[in-house]
1. Within the stretch 188-262, considering only helices (runs of 4 or more DSSP H) that don't extend past its boundaries, which have at least 3 residues that are of a type in the set (S, T, N, Q) and under 23 Å from Asp153 (Cβ atoms)?
2. Go through the stretch 123-140 and give me each residue that's part of a loop (DSSP other than H, G, I, E, B) and of a type outside the set (Gly, Ala, Ser).
3. Mind checking which residues of the stretch 53-62 are over 9 Å from Gly246 (Cα atoms) and either in contact with a Gly (Cβ under 6 Å, 6 or more places away or on another chain) or in a helix (DSSP H, G or I) (or both)?
4. Looking only at residues that are touching a residue at least 60 places away in the same chain (Cβ under 8 Å) and touching a Ser or Thr at 6+ places or on another chain (Cβ under 9 Å) in the stretch 202-214, which one is surrounded by the most Cβ atoms within 10 Å (Cβ to Cβ)?
5. For Leu145, which of the numbered conditions (1) under 20 Å from Val228 (Cα atoms); (2) buried (at least 17 other Cβ atoms within 10 Å of the Cβ); (3) touching a Ser or Thr at 6+ places or on another chain (Cβ under 7 Å) fails to hold?
6. Quick check: anything in the stretch 231-247 touching a residue at least 40 places away in the same chain (Cβ under 8 Å), of a type in the set (Lys, Arg) and either on the phi < 0 side of the Ramachandran plot or surrounded by fewer than 18 Cβ atoms within 10 Å (Cβ to Cβ) (or both)?
7. Could you say whether any residue in the stretch 147-168 is among the hydroxyl-bearing types (Ser, Thr, Tyr) and either modelled with pLDDT of 95 or more or part of a helix (DSSP H, G or I) (or both)?
8. Of the residues in the stretch 63-76, how many are assigned to a loop (DSSP other than H, G, I, E, B) and at pLDDT 90 or above?
Amino acid sequence: MKSGTVLRLSMTHLSIIGLGVLMIYPVAWMIVSSFKPNNMIFSDPGLIPKALTVENYITGWRGYAGTSFGTFFANSLLMCAVAIIGNLISCSMAAYAFARLRFAGRSFWFAIMLITLMLPAHVTLVPRYIMFNSFGWVGSYAPILVPKFLATDAFFVFLLVQFIRSLPKEIEEAAIIDGCSKVGVFLRIILPLASPALVTTALFTFLWTWDDFFNHLLYLTRPDTFTVSRALRTFVGDAGAVSNWGGALAMSTLSVVPAFILFFSLQKYFVQGITTTGIKG
């Protein structure tokens with residue numbers, strides 16, 4: 001290998017490592033600072049603390065308005081589980097219909113679905129709030145979870161459509177010849193083969209629901225219904241200042257643990273699901 005090529009590769013790797021360090025540094029600082037006493041978080045901003053304490057985790061876990069962070073974590077996990085189930089059921093059914101079934105206006109409705117990807121969520125914010133408020137759903141999880149069962153996440157429908165289109169039709173035709181119905185083909189053939197795309201859908205649904213702050217701030221009004229992302233906002237006072245930096249950093253550190261565990265445990269399926277969705281248009 002020529003020296004010029006080696007130099008270019010070395011510079012490329014160093015640049016990537018440098019960018020990786022820049023991206024990881026804020027997370028590392030948050031984790032380290034969560035173990036520092038409150039009065040040393042900003043006076044000692046380095047990654048090597050001069051003093052360590054777990055008091056931030058104790059005070060932060062106490063939560064807000066008599067509700068501990070254990071309840072907030074349970075609420076978030078429950079919401080994510082229901083959201084994943086809703087998206088997997090509704091989006092996989094819609095994707096199978098668009099990818100394999102023949103019905104009037106299929107191309108038109110598929111185009112309409114793709115157009116919704118370009119529509120910012122804030123455009124429909126006011127009418128959605130008015131509609132959910134008229135249903136009496138504001139203050140509950142219904143405005144966030146019910147749409148998951150109606151295939152409203154067009155990104156996941158498109159992702160699954162592309163994956164299903166990449167599957168060979170001969171397998172389905174053989175199953176139909178053997179007497180399998182369309183429902184049987186969907187349940188016994190499509191879903192098992194589409195497991196990488198389904199895992200990708202589940203992973204993204206978990207991350208987006210877990211990290212969602214705006215909708216939780218908008219619709220969840222009682223402390224006993226708060227999720228982790230909504231509860232972290234309680235550390236910010238009315239004047240916009242954080243009242244307990246140590247507790248906020250400690251609970252923020254705990255809040256990223258489930259996402260890290262889920263992502264790294266499903267990374268193989270996630271990569272496979274992403275890389276195989278564009279094989280066939």
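The values are calculated or read from the model by the stated rules, or taken from the named source; none is laboratory data. All values reported here derive from a predicted model rather than from experimental measurement. Here the Cβ positions follow ideal geometry from the backbone for every residue, glycine too, while neighbour counts run over all protein chains shown.
1. Values: elements: 195-211, 214-219, 228-232.
Answer list for the stretch 188-262: 195-211.
2. So the first thing to find is which residues in the stretch 123-140 are part of a loop (DSSP other than H, G, I, E, B), and the list is 136-140.
Result: Trp137, Val138.
3. So in the stretch 53-62, the residues over 9 Å from Gly246 (Cα atoms) come out as 53-54, 58, 61-62.
Scanning the stretch 53-62 gives Ile58, Trp61.
4. Residues of the stretch 202-214 touching a residue at least 60 places away in the same chain (Cβ under 8 Å): 202-203, 205-206, 209-210, 212.
Those left that are additionally touching a Ser or Thr at 6+ places or on another chain (Cβ under 9 Å): 209-210, 212.
Working: Thr209: 24, Trp210: 20, Asp212: 18.
My answer is Thr209.
5. Failing condition for Leu145: (3).
6. For the stretch 231-247, residues touching a residue at least 40 places away in the same chain (Cβ under 8 Å), of a type in the set (Lys, Arg) and either on the phi < 0 side of the Ramachandran plot or surrounded by fewer than 18 Cβ atoms within 10 Å (Cβ to Cβ) (or both): absent.
7. no
8. So in the stretch 63-76, the residues assigned to a loop (DSSP other than H, G, I, E, B) come out as 63, 65-66, 68.
From what's left, at pLDDT 90 or above: 68.
Matching residues across the stretch 63-76 total 1.
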